[in-house]
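The structure appears right after this line, and notes come after that.
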Amino acid sequence: MMNLEFMINTISLGSLYALLSLGLVLVFGILKLVNFAYGEYLMIGGYGLYFSATVLHAPWWAMVVFGILAAILTSYLSELAAFRPVRNKSANALLVTSFAVSIFLQNAVLILVSPRARAVPLPPIFSQTVNIYGAVTPVRNLLIIGTTISVLILLSLLMKKTVLGLAMRAASDKFTTTRLMGVPANLVISAAFVISGLLAGISSIFWIGRSASVDPVTGAAPLLIAFIATVVGGMHSPAGAVVGGFVYGLLFNVLSITLPASMISYRDAFMFVIVVLFLLIRPEGIIKGGYTEERVG
Amino acid sequence: MTPMLTVENLSASYGVVRALNDISLEVNEGEMVALLGVNGAGKSTTLKSITGVLRPVKGSIKFLGQEIANGKPEATVKRGLSLVPEGREIFGTLTVEENLRLGAFVSYQRDRYKADLKEMFELFPILEERFTQPGGLLSGGEQQMLAIARALMAHPKLLMLDEPSLGLSPAMTDQIFELIKGLRDRGSTILLVEQNAERALGIVDRAYLLASGEVQYSGTAEEIRRQVDIASVYFGGDDAAPCEVTQ
Ligand SMILES: Nc1ncnc2c1ncn2[C@@H]1O[C@H](COP(=O)(O)OP(=O)(O)OP(=O)(O)O)[C@@H](O)[C@H]1O
Ligand SMILES: [Mg+2]
């Protein structure tokens with residue numbers, strides 16, 4: 001039953017990558033900013049899990065809530081304190097600010113907690129496996145898939161059925177015109193950061209769930225994955241991010257089983273080469289932008 | 001009677017580029033006023049200053065007696081000022097319906113919204129046909145209608161239109177001008193920005209002529225026609241070709 005196992009693993013990895021990418025692309029859509037501090041929201045979410053378990057001795061569900069809230073709060077506050085003051089300056093100012101926030105958060109944790117990794121005690125369900133028609137897979141893989149499906153449904157309901165979602169979609173199309181409709185800029189931007197933080201927090205549970213530990217640079221790898229997946233999928237729509245996440249997960253797993261054992265440590269190099277080759281052929285990513293016209297006049 | 005909109009000694013710039021130099025203008029309630037000028041004269045910059053998109057260097061902008069010169073763009077529509085932007089600025093990925101819903105963002109009330117939609121469908125039947133399609137799939141003229149309808153959904157006290165005839169066929173231009181005239185006859189107060197001076201002067205009460213960021217002439221449509229040789233300065237009618245102001 002190699003195939004079913006491979007499928008479940010790939011879908012769950014793709015789901016995790018899709019969640020990661022979605023959080024990055026939501027902010028990009030509105031601010032046109034690749035937020036390099038995004039990985040740190042996930043990292044702080046991890047410390048939220050760690051402290052709620054070790055200091056508060058919280059039950060697992062409270063850990064989850066605590067971790068997610070920590071990520072949301074970090075994301076929201078970084079917008080308020082760091083991005084908002086430079087928003088009107090330039091795209092480069094925003095980008096540099098995102099690096100600054102990233103470094104600040106990493107160092108804050110390094111100084112206040114420890115440079116060393118901390119073990120995050122997770123409920124046993126994270127390490128258990130199940131047997132589905134002969135395919136053995138960790139229970140957390142199924143949790144990831146279920147969570148991702150729920151998140152995608154809720155998020156598309158929010159974007160399609162609520163006025164806030166409508167305003168956010170409009171703002172990622174034409175920001176100034178959206179403001180001229182009376183939509184407050186701060187509202188849509190804060191909302192984007194809150195949702196981005198939420199997605200980082202949820203991803204954090206599953207990301208940390210794989211290694212059961214967190215350290216100050218835990219955010220680096222997921223940021224890179226989210227960034228590459230969104231570029232591959234297409235930066236201009238949430239759909240692109242999701243597709244990119246799944247494609248990237250598939251690529252990763254295919255390379256993992258096809259590369260000979262001696263080459264497996266070069267897997268990332270292979271991934272990057274494939275991604276670069278793909279982008280040469282299709283620089284706008286798998287999903288192109290919307291119907292937005294060229295400006296006239 | 002105090003004017004609805006008063007712009008006084010307004011100057012604006014983009015970095016070091018001075019785009020407006022000490023311009024003053026007024027729009028009274030119930031009036032339709034044109035702001036004319038060639039490419040780069042500063043027409044859109046004037047509207048950007050009024051809507052808070054661009055912060056003026058100096059000067060005052062009063063709407064209904066209130067100073068709005070340093071307001072935010074999102075406050076504009078709440079005050080009763082709606083803009084039909086240059087190049088239409090339709091939300092291309094959003095449906096026609098969603099575009100109109102955003103137009104009603106600040107004034108939304110369920111029953112009134114429904115009634116307003118009905119009214120828009122009477123003014124622009126095409127919008128009812130295309131109601132569920134993405135705005136980006138509409139033709140240029142249809143998008144212009146959508147942009148106007150979107151602005152009207154907010155029940156503006158003053159409607160500002162930035163070159164509504166830009167890029168449209170002569171037939172479509174006729175239709176749009178007819179429509180703007182209709183809005184004015186219904187009692188709307190309108191500030192119309194146009195390069196098509198000939199056409200604009202045909203429907204407005206008064207006009208200001210901008211050149212290089214300064215008001216060169218102002219007066220009633222008649223007066224402007226008398227003072228300025230429109231055909232030589234503008235590519236006004238359908239017959240003249242675009243040309244620059246010679247100074
Ligand atoms: N975003 C900008 N950055 C720098 N300069 C600008 C910008 N927008 C306009 N300008 C300059 O300001 C001046 C006035 O431009 P404005 O857009 O107001 O002209 P306009 O009268 O609306 O012209 P058009 O009929 O072509 O739309 C021009 O010299 C233009 O080059
Ligand atoms: Mg203009």
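Here's the yes/no breakdown for (1) among the hydroxyl-bearing types (Ser, Thr, Tyr); (2) under 27 Å from residue A:29 (Cβ atoms):
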site: A:209; (1), (2): no, no
site: A:219; (1), (2): no, yes
site: A:222; (1), (2): no, yes
site: A:232; (1), (2): no, yes
site: A:237; (1), (2): yes, yes
site: A:248; (1), (2): yes, yes
site: A:284; (1), (2): no, yes
> When residue B:108 is evaluated against the numbered criteria (1) over 26 Å from residue B:205 (Cα atoms); (2) hydroxyl-bearing (Ser, Thr, Tyr); (3) within 13 Å of ligand 1 (Cβ to nearest atom), which criterion, by number, is the only one it fails?
Replying inline: (3)
> How many residues does region A:142-163 hold that are closer than 30 Å to residue A:182 by Cβ, among the hydroxyl-bearing types (Ser, Thr, Tyr) and surrounded by 13 or more Cβ atoms within 10 Å (Cβ to Cβ)?
Replying inline: 1
>> Anything in region B:141-172 that is assigned to a helix (DSSP H, G or I) and farther than 26 Å from residue A:178 by Cα? List them, or say none.
In response: B:170, B:171, B:172
> Do you know which of the residues in region B:10-63 that are part of a loop (DSSP other than H, G, I, E, B) and among the charged types (D, E, K, R) is farthest from ligand 2 (Cβ to nearest atom)?
Replying inline: B:29
> Any idea how many residues of region B:104-140 are in a helix (DSSP H, G or I) and either within 14 Å of chain A (Cβ to nearest Cβ) or not aliphatic (A, V, I, L, M) (or both)?
Replying inline: 17
> Can you find even one residue in region A:221-242 that is out of contact with any Asp or Glu (no Cβ under 7 Å at 6 or more places or on another chain), within 20 Å of residue A:150 (Cα to Cα) and outside any helix (DSSP H, G or I)?
Replying inline: yes
> Restricting the search to region B:132-149, which residues are more than 14 Å from residue B:103 (Cα to Cα) and of a type in the set (A, V, I, L, M, F, W, C)?
Replying inline: B:137, B:138
>> When you check residue B:41 against the structure, is it within 18 Å of residue B:213 (Cβ to Cβ) and among the small types (Gly, Ala, Ser), yes or no?
In response: yes
> For region B:1-55, what are the residues that are more than 8 Å from ligand 1 (Cβ to nearest atom), within 14 Å of chain A (Cβ to nearest Cβ) and charged (D, E, K, R)?
Replying inline: B:55
> So, in region B:3-34, of the ones that are of a type in the set (S, T, N, Q) and closer than 16 Å to residue B:190 by Cα, which residue ends up surrounded by the most Cβ atoms within 10 Å (Cβ to Cβ)?
Replying inline: B:6
> Which of the residues that make up region A:277-297 are charged (D, E, K, R) and modelled with pLDDT of 85 or more?
Replying inline: A:282, A:284
> Of the residues B:152, B:161, B:179, which is away from chain A (no Cβ under 11 Å) and within 16 Å of ligand 2 (Cβ to nearest atom)?
Replying inline: B:161
>> Which pairs turn up if I take residues in region A:53-76 that are more than 26 Å from residue A:36 (Cα to Cα) and look for partners that are of a type in the set (Gly, Ala, Ser) with beta carbon separation below 6 Å, at least 6 apart in sequence or on another chain?
In response: A:58/A:52
> helices (runs of 4 or more DSSP H) wholly in region A:138-205 with at least 1 residues that are more than 14 Å from residue B:98 (Cβ to Cβ) - which ones?
Replying inline: A:139-161, A:175-180
>> For region A:109-136, which positions are assigned to a strand (DSSP E or B) and within 23 Å of the chain's Cα centre (by Cα)?
In response: A:118, A:119
>> Between a residue in region A:160-175 that is facing chain B (nearest Cβ under 7 Å) and any residue that is among the charged types (D, E, K, R) and assigned to a helix (DSSP H, G or I), which pairs come within a Cβ distance under 7 Å, given they are 6 or more apart or on different chains?
In response: A:166/B:98; A:166/B:101
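The values are calculated or read from the model by the stated rules, or taken from the named source; none is laboratory data. A quick note: this is a predicted structure, and the numbers were derived from the prediction, not measured. Note that each Cβ is placed from the backbone with ideal geometry, even for glycine, and that neighbours are counted across all protein chains shown.
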